[in-house]
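Read through the structure below, which is laid out as structure tokens, and then see the notes.
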Amino acid sequence: MRNRKLFVKKQTAELSEKISQLNPNLHSTMKRKRTPTYLIKEKVATKYNILCHIYDIFGLLMESKARQRAIEIANIRNGEKVLEVAVGTGLNFVEILKRNPHGWNEGLDISPKMGKKARKRAEKTGLTNYNIRLGDSRNLPYADSAFDLIINEYMFDCSKRS
Ligand SMILES: C[S@@+](CC[C@H](N)C(=O)[O-])C[C@H]1O[C@@H](n2cnc3c(N)ncnc32)[C@H](O)[C@@H]1O
């Protein structure tokens, strides 16, 4: 299997090289035809807008331990300015709120529906020292050094190609 993969990789590289030699312009056009970042962004948002209804079942069953570990490692100090990137449905955001009742807590997600769920979950804590907004991790809408701590789990696999 591994040999086959290596073979396919080698063939692809050779083919690519040949195309370059035959017609450099054609090759660069082909390269440019890869899905632009903004389409990937919309794809991810759409996917999570759909998944948001069932996400918690999966998220709680499969990812709780890792999420908890991320919170432990983050070692939030009450009073800090904390940002969670890709807040999802807020499963960890409520933990952040509980540990940082005197600080400021910001959550960001690319999917409006995931963000909406996170907001609902946060409301239930009764705390008000937070804000959850729509945004892209690749273009954070915050000033440099705006936060003491940034937390992020289970997002990078969504943005592989950008
Ligand atoms: C697997 S979920 C994880 C959610 C949350 N971190 C958790 O552990 O429950 C991935 C989340 O990342 C968000 N996301 C993916 N790419 C993003 C990006 N470029 N910027 C912001 N959020 C993104 C998705 O909308 C989704 O809510």
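A few points about this structure:
- Take the Cα of residue 40, step 7 Å toward its Cβ, do the same at residue 140, and the gap between the two points is 1.9 nm.
- 57, 50 arranged by Cβ crowding within 10 Å, fewest neighbours leading: 57, 50
- Its Cα gyration tensor gives segment 38-158 an equivalent ellipsoid. The semi-axes, each the square root of 5 times an eigenvalue, are 21, 17, 14 Å from largest down.
- On the beta carbon distance between residue 129 and residue 53, with R0 = 30 Å, the FRET formula returns roughly 0.60.
- Listing 145, 137, 111 from fewest to most neighbouring C-beta atoms within 10 Å gives 145, 137, 111.
- Using θ = phi - 60° and Karplus 6.51 cos²θ - 1.76 cosθ + 1.60, couplings along segment 90-98 (whole Hz; Gly, Pro as x): x, 4, 8, 4, 5, 5, 4, 4, 5
- Residues 89, 46, 125 in ascending order of nearby Cβ atoms (within 10 Å, fewest first): 46, 125, 89.
- Cα-Cα over 26 Å, subset of 81/117; 41/116; 43/65; 41/124; 43/98: 43/65; 41/124; 43/98
- Each residue of segment 65-71 was assigned a 3J(HN,Hα) from its phi angle through the Karplus expression (A = 6.51, B = -1.76, C = 1.60, θ = phi - 60°), giving 4, 5, 4, 4, 5, 4, 5 Hz with x at Gly and Pro.
- Separation in nanometres of the label points that stand 7 Å from Cα toward Cβ, at residue 60 and residue 102: 3.2
- Near the amide H of residue 133, within less than 5 Å, lie the amide hydrogens of 107, 108, 109, all on another chain or at least 5 residues away, with H placed in the peptide plane.
Every number here is computed from the coordinates shown, using simple stated rules; none is lab data. A quick note: this is a predicted structure, and the numbers were derived from the prediction, not measured. Heads up, the Cβs are rebuilt from the backbone with ideal geometry, glycines too, and the neighbour counts pull from every protein chain shown.
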